[in-house]
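Coordinate-derived values only; no laboratory data. Predicted model, so just to flag it, every value in this text is computed and none were measured. Reconstructed Cβ throughout: ideal geometry from the backbone, glycine too, with neighbour counts over all protein chains shown.
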Amino acid sequence: MAVIEPQSPTKRDSPVALGVFVAVTLLLSWTLSFVLITDTVPVYTTLLLMLTPATVALGIRRVQGHSVLRTIGSSLRGSTVRSLLFAVVYPLGFIGVAALLALTTGLGTYQAGPENIIVTAVRQGGVLLLVLFLFQSLIRMYGEEFGWRGYLLPELTARWGRVGATAAVGVVWALFHSAFLYRAGVAIGVENPLLITVVQAGAVFTISFPFSYAYYLADESVFPVMLLHLIWNVLNPWVLGDIYGNVDGLVAGQIFVVNGEGLVGVVLGLVGVGVFIILFRRGTLSSG
């Protein structure tokens, strides 16, 4: 039986397939969050959740007759220098500005002590542990990014354009996170877990725009977005605190306020949304 190549940009999935992807992904993420998180947050919960979008999307591709390995390989090819550069510079700049804003406004104060997870990995296991950490982290990032940016975003972009598609993915992405964050907040006893969940959902929506930009700068590759996601996941909790675990970072304060996925992140993110909408409408990006 011949192997069917991944779909060309001109052959798009039906609305039914896209609806199945969104519904199944959200249903699984919410079910896992409410079933697995009780009075504690099992460490494997985030792994299962992050693998869900790609698993569902790859399942749809397989039902359509596409090779899973070929689909994965194709989705990782096409990075550009601009996309990789943006993937590194953007999270560094955003988190740096957020930290500066929190410190200068008095919303946060500097504290020494929190150690970067990469430094911890090297100190505890050397280069080998660091390599293993980066490898499993990239698998996690692929688990989300193939689903959101490798599958859903280009499908919606062909129908609604870059702005509409990015906004739609942002809404779904925010809903995807919300059940986990709420259940984790309840489990660890934070105040106002619903408020924190709403604020983080708003931040995730705005973050969808730079993530889409990284994808559009590439030639249909999710690798730059994976890199951006990885850097964000390392730097944000280290510098601005872990909003999922309610643990302070280098900038101490109310985490749902100072965090890159908190109120400060929402404010800066909304400014970024306006900038990215302008960039999307200029039509000078590599793909989409």
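Per-residue ellipticity at 222 nm for the chain, helices alone: DSSP H runs ≥ 4 residues times -39500 (n - 2.57), over residue total, nearest 500 deg cm²/dmol?
Result for the chain, helices only: -25000 deg cm²/dmol.
Principal axis extents for the chain, Cα atoms only, whole Å, descending order, please.
59, 43, 40
How big is the charge dipole of the chain about its Cα centre, in debye rounded to the nearest 20, if each Lys and Arg gets +1 on its Cβ and each Asp and Glu gets -1 on its Cβ?
Values: 15 positive and 13 negative charges, 172 e Å.
That gives a dipole near 820 debye.
Looking at Leu279, Ile117, Thr55, which one has the Cα that reaches farthest to the positive end of the dipole of the chain (charges on Cβ: Lys, Arg +1; Asp, Glu -1)?
Farthest towards the positive end: Leu279.
Please compute the net charge surrounding Ile243, taking Lys and Arg as +1 and Asp and Glu as -1 over other residues with Cβ under 15 Å from its Cβ.
-3
Near Thr166, within a Cβ-to-Cβ distance under 12 Å, what is the net charge of the other residues, with Lys and Arg +1 and Asp and Glu -1?
+3
Would you work out which of Phe133, Ser221, Asn233 lies farthest towards the positive end of the dipole of the chain, given +1 charges on the beta-carbon of Lys and Arg and -1 on that of Asp and Glu, about the Cα centre?
Ser221
Starting with the highest mean, order 172-179, 56-63 by the number of other Cβ atoms within 10 Å, averaged over the residues of each peptide.
Numbers: 172-179: 20.6, 56-63: 18.4.
Top of the packing list down: 172-179, 56-63.
Given Cβ point charges of +1 (Lys, Arg) and -1 (Asp, Glu) and nothing else, what value in debye, to the nearest 20, does the dipole of region 155-252 about its Cα centre take?
For region 155-252, the charge dipole is close to 200 debye.
Angle between the Cα long axis of helix 44-63 and the longest principal axis of the chain, 0 to 90 degrees, nearest 10?
Between the helix axis and the principal axis of the chain, the angle is about 10 degrees.
With a cap of 11 neighbouring Cβ atoms within 10 Å, and only residues DSSP puts in a loop, list the GluC sites (Glu not before Pro) found in region 69-173. Could the numbers behind the result be given before it?
Numbers: sites: Glu115, Glu144, Glu145, Glu155; in loops: Glu115.
For GluC sites (Glu not before Pro) across region 69-173 that sit outside H, G, I, E and B with at most 11 neighbouring Cβ atoms in 10 Å, the list reads Glu115.
So what's the angle, to the nearest 10 degrees on a 0 to 90 scale, between helix 15-36 and the longest Cα principal axis of the chain?
Orientation of helix 15-36: about 30 degrees from the principal axis.
Classify region 220-288 as rounded, prolate or oblate, taking a ≥ b ≥ c as the square roots of the eigenvalues of its Cα gyration tensor: rounded when a/c is under 1.5, otherwise prolate if a/b is larger than b/c and oblate if not.
Since a/c reaches 1.5 but b/c is at least a/b, the shape of region 220-288 is classed as oblate.
Using a/c under 1.5 as the rounded threshold, could you call region 119-228 rounded, prolate or oblate? The axes a ≥ b ≥ c are square roots of the C-alpha gyration tensor eigenvalues, and prolate needs a/b larger than b/c, oblate otherwise.
Oblate, since a/c reaches 1.5 and b/c is not below a/b.
Can you compute the modelled spin-label distance between Val198 and Lys11, with each label point 7 Å from Cα toward Cβ, in nm?
Placing both labels 7 Å along Cα→Cβ, they lie 4.6 nm apart.
Can you tell me what percent of all Cα-Cα pairs in region 188-230 are more than 12 Å apart?
Details: 588 of 903 pairs.
Everything past 12 Å amounts to 65 percent.
Within 10 Å of each candidate Cβ there may be at most 15 other Cβ atoms; applying that plus a DSSP loop requirement, which trypsin sites (Lys or Arg not before Pro) in region 155-224 survive? Don't skip to the end; give the middle numbers.
Numbers: sites: Arg159, Arg162, Arg183; in loops: none.
Answer in residue order: no site qualifies.
Can you bin region 14-142 into rounded, prolate or oblate? Criterion: square roots of the alpha carbon gyration tensor eigenvalues sorted a ≥ b ≥ c, rounded for a/c under 1.5, prolate for a/b above b/c, oblate for the rest. Walk me through the numbers on the way to the answer.
Details: a/c = 1.72, a/b = 1.52, b/c = 1.13.
Cα axes put region 14-142 in the prolate bin.
Give me the angle, in degrees from 0 to 90, between the Cα long axis of helix 223-240 and the longest principal axis of the Cα atoms of the chain, rounded to the nearest 10.
The angle comes out near 10 degrees.
So what's the net charge close to Pro114: Lys and Arg +1, Asp and Glu -1, counting the other residues with Cβ under 13 Å from its Cβ?
On the way: positive: none; negative: Glu115, Asp242, Asp248.
Taking every Cβ under 13 Å from that of Pro114, the sum is -3.
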